[in-house]
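Comments concern the structure below.
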Amino acid sequence: MLKIGLIVNPISGMGGSVGLKGTDGDAYKKAVELGAKPVAPQRIESTLSLIKRNDIYLLVAPGSMGENYIKKLNFRYEVVGKIDENTSAEDVKRIARKMMERAIELLVFVGGDGTARDICNAIGTSIPVVAIPSGVKMFSSVFALSPYAAAEMINSYTDEFMEGEVLDIDEDAFRDNKLSARLYGYLKVPKTKLLLQRGKEPSATGKSETENKEEIAKYIVENMEKDTLYILGPGTTVKGITDKLNVEKTLLGVDSVYNKELVGEDLNEKGLIGSIKKYKKVKIVVTPIGGNGFIFGRGSKQITPNVLKLVGEGNIIIVSTAGKTSKLECLRVDTGDTEIDRMLRKSVKVITGYNEETVIEIK
Amino acid sequence: MMINLNMNENPYPPPENILKAAKRGFNNINRYSKLESSNSLKELIASYNNIPKERIILSPGSEFLLRETINIFSKDRKIIMINPTFFPALRHAVKSAKKIIKYKLPPPEFKLNQKMILGELYEPTLIIIDNPNNPTGKMLLDKSFVEKIVQNRNVLLLVDEAYYEFAKYTFIDLVEKYPNLAIARTMDKAFSLAGLRLGYFIAGEYFTRELSDFPKLLPTPTTFAAIEALKNHEYVSRNIKKIIEERKRVEDELKKLGIEVFPGEANFILIRCKTPNLAEKLIGKGIMIKDLSDDWLNGFYRISIGLPKENDTFLLEIGNIKTNYDPSIY
């Protein structure tokens, strides 16, 4: 018997049809006023109708957050938690935690980046998730390609998993056409080939992602120059470097290392500029965040155009696992500064292993 | 019976006389094949390519020679390869090379960044490039670029021309002039001999010197069949003409279905299709195509050209799959 939790964010995706970029905060009210119709119910109903296995026991959130869609179908289930008429992020988090206490093996949820962030907040990587996309933004790489793909993931569920990135943007800024996204964390997702949006893949060379990250870190550490400040961007591939150095890194933040010692932690733009001015030689190490290959502009908003200007394009080191790199058509930048973007757009070398580099275009 | 459109094989079997020659090869299979047969085969290959016999190295499939080249030359030089390429060779290079640089070919043009490659040749280097490229089918090299590379004697260039007979463009005429150039060929594809595995190098001196101890004898059935095929190779151009006509037809039909097609110069077609799990769905219909997401980008597939009837079935089934695809659910 497979014990699965099910949570639907019923308002996720409503902003899209009425031209809003998300339904976080007050935007939901505006979406309703503009006549937006729910999207999530159709997505979960499609998925559930395609599930073929009959060894499932569901713990579902109440009402519009799950129960309503399961009633007509032939699943064994029980309802977990309580909600008010207007659902909120708090409901998602509270119910996810409750389900985890009830020892679910897998959590299925419907939503967008905001929902993924709430789920990540509540359960981290303690249990795997199948994420059904219904949101407007969708920068995270945890989502199934479609309800069909989500059903396939449940039907062929095994014990092989990988970590997907949870990215979310500041919706208020996004609505003003300013894009600033950051990496919020990771969720554990089934390791499936073609079913994830912008999916991350293990390397085809027989090395695991973890081994590949370790050898990238070894290469970087061995080649670190003396008396040089290394600014380390977010993400697990970069974190491999600090693990190798035996220093603590904020996984989602930007830190800095000088002569193999940690000298800056969770730095913002001001902190970065301060340290760039203090140390003479500076290099930035980044990894593409999310499946679209963004190295600057999404996921690492602390590294601003001003920081990049000071460091210079010749001092940027890009690291990425071979598996992830082979899945990318190109790398991307969107710093918000067209001049900087233009400076960065060219073919670059990415370190994809020990003495292994891949030349790829930045667009 | 499965329709195999995943291995870039020739759908037309070789003529009867070649099959008979292969069968003759079974008469003495308790013995190794004879060096004289091997020499006859080399002479025929030399005459087919209009080059001296000494330039030829035989191999049971060109893949073994590719691997051996990587093993020998990667010890003290870096390797440059492209991605995508013939993936077994790339995987082997990643495992064996002291240092490797892979150049990604960006869609939709899949053009090689020649300038950047030339800028990399400041140290001993082995470059391996397939031309036309598999799986894009694109010609990546031209004579002027090749000469710029091999004028640098610190650099070895191996051009894999597995699909030469389809593209009809070669650098063989440069091998005599440049000892650091080698061309890989196969009789698996155009000559319809995939099951017998016959590959060969036409190699400059830097390569022949190092590969001089590569085993000289191939299986007897392979040797006999290849000799017969080279003596009477008119069937090759007849079949190639049919395959190229079919390639054009399949390309046009796929475009009509709204599928993104990347035209190429070999016996296969590269497509991009957003329908999830296309290859798996086609297996359900008895058709195998190559899903490139294992080694490369999601949504890209390589389709070998089959017999007209096989291509018809493929077009019908991919059309059905596309029609039934509902983006709101799938």
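When the Cα convex hull of the stretch A:253-322 is projected onto planes of every orientation, the mean area is 5.0 nm².
With coordinates expressed along the principal axes, the C-alpha atoms belonging to the stretch B:101-259 extend over 47, 46, 23 Å, beginning with the largest.
In terms of Cα atoms, the Rg and Dmax of the stretch A:216-363 work out to 13.9, 38 Å. Based on DSSP H segments of at least four residues, each scored -39500 (n - 2.57), chain B has a per-residue ellipticity at 222 nm of -11500 deg cm²/dmol.
A simple spin-label model places the labels of B:Asp312 and A:Thr158 3.9 nm from each other, with each point 7 Å out along Cα-to-Cβ.
Taking all protein chains together and a 1.4 Å probe, the residues A:Arg345, B:Arg55 rank A:Arg345, B:Arg55 from largest to smallest accessible area.
Per the Debye formula on identical point scatterers at the alpha carbon atoms of the stretch B:194-310, with no solvent, log10 I(q)/I(0) at q = 0.19 Å⁻¹ is -1.06. Residues whose amide H lies under 5 Å from that of A:Val359, counting only those 5 or more places away or on a different chain, are A:Val350, B:Lys102, B:Tyr103, B:Lys104; hydrogens are built 1.01 Å from N in the peptide plane. Relative to the current alpha-carbon distance between B:Arg209 and B:Lys143, full extension at 0.36 nm per residue lengthens the span by 21.3 nm. When the alpha-carbon atoms of the stretch A:26-144 are used, the pair Rg, Dmax equals 14.1, 42 angstrom.
The tail of the calculated P(r) for the stretch A:292-363, taken as Cα-Cα distances beyond 14 Å, holds 58 percent of the pairs. Show me you know the interface measure: the accessible area buried between B and A, both chains summed, probe 1.4 Å, in Å² to the nearest 100. It comes to approximately 2900 Å² buried between B and A. Going from the chain on its own to the full set of protein chains, the stretch B:292-316 has these residues losing 20 Å² or more of accessible surface (heavy atoms, 1.4 Å probe, no ligands, DNA or RNA): B:Ser293, B:Asp294, B:Asp295, B:Trp296, B:Leu297, B:Asn298. What chain A shows is 41 Å² of accessible area per residue, with the surface traced by a 1.4 Å probe over protein heavy atoms.
Check cross-link reach from A:Lys98 to the aspartates and glutamates: straight Cα distance under 19 Å, and skip same-chain residues fewer than eight apart. The reachable aspartates and glutamates, counting only those whose Cα sits under 19 Å from A:Lys98, are A:Glu67, A:Glu78, A:Asp84, A:Glu90, A:Asp118.
Dividing the alpha-carbon radius of gyration of the protein assembly as shown by the rule-of-thumb value 2.2 N^0.38 Å gives 1.07. Here B:Tyr169 and A:Lys52 are evaluated by their C-beta separation; at R0 = 41 Å the FRET efficiency comes out at 0.20. Using the Cβ of B:Asn49 as centre and a radius below 14 Å, the other residues enclosed give a net charge of -1, where K and R count +1 and D and E count -1. Summarising the strand pairing of chain B, around 45 percent of its internal DSSP beta bridges are antiparallel. Run the accessible area of the protein assembly as shown with a 1.4 Å probe and give the carbon-and-sulfur part as a rounded percent. Answer for the protein assembly as shown is 49 percent, counting heavy atoms of protein chains only.
So what does the Cα-only Debye profile of the stretch B:241-320 read at q = 0.14 Å⁻¹, as log10 I(q)/I(0), no solvent term? Calculated log10 I(q)/I(0) at the listed q: -0.40. Principal axis analysis of the Cα atoms in chain A yields extents of 66, 46, 33 Å, listed in decreasing size.
Taken residue by residue and averaged, Cβ atoms of other chains lying within 10 Å of the Cβ of B:94-106 number 6. Computed over chain B, the alpha-carbon pair-distance distribution with 10 angstrom bins reads 5, 25, 32, 24, 11, 2, 0, each value a whole percent. Remark: C-alpha extents of the stretch A:324-363 on the principal axes read 33, 18, 12 Å, sorted largest to smallest. Rg and Dmax of the stretch B:39-138, both derived from C-alpha coordinates alone, stand at 15.4, 44 Å.
If you take the charge dipole of the stretch A:295-349 about its Cα centre, with +1 on Lys and Arg Cβ and -1 on Asp and Glu Cβ, which of A:Val333, A:Gly297, A:Ser320 is farthest toward its positive end? Farthest towards the positive pole: A:Ser320. Residue-wise HN-Hα couplings along the stretch B:164-173, as the Karplus relation 6.51 cos²θ - 1.76 cosθ + 1.60 with θ = phi - 60° gives them from phi, are 3, 4, 7, 8, 6, 9, 9, 10, 4, 5 Hz; Gly and Pro carry x. According to the Kirkwood relation over distinct C-alpha pairs, the hydrodynamic radius of the stretch A:108-163 is 11.5 Å. Each residue, B:Glu109 and A:Lys260, gets one label point 7 Å from its Cα in the Cβ direction; the gap between the two is 4.5 nm. Seen against the Cα atoms of chain A and their longest principal axis, helix A:113-123 is set at about 90 degrees. Within the same chain, lysines fewer than 8 places from B:Lys111 are excluded, and of the rest, those with a Cα less than 20 Å from its Cα are A:Lys327, A:Lys346, A:Lys349, A:Lys363, B:Lys102, B:Lys138, B:Lys143, B:Lys148, B:Lys168.
The values are calculated or read from the model by the stated rules, or taken from the named source; none is laboratory data. For clarity, every value in this text was computed on a predicted model and none was experimentally measured. Virtual Cβ from ideal backbone geometry, glycine too; neighbours counted across all protein chains shown. All accessible areas refer to the heavy atoms of the entire protein, side chains included, with ligands and DNA or RNA removed. Shrake-Rupley method; radii C 1.70, N 1.55, O 1.52, S 1.80 Å.
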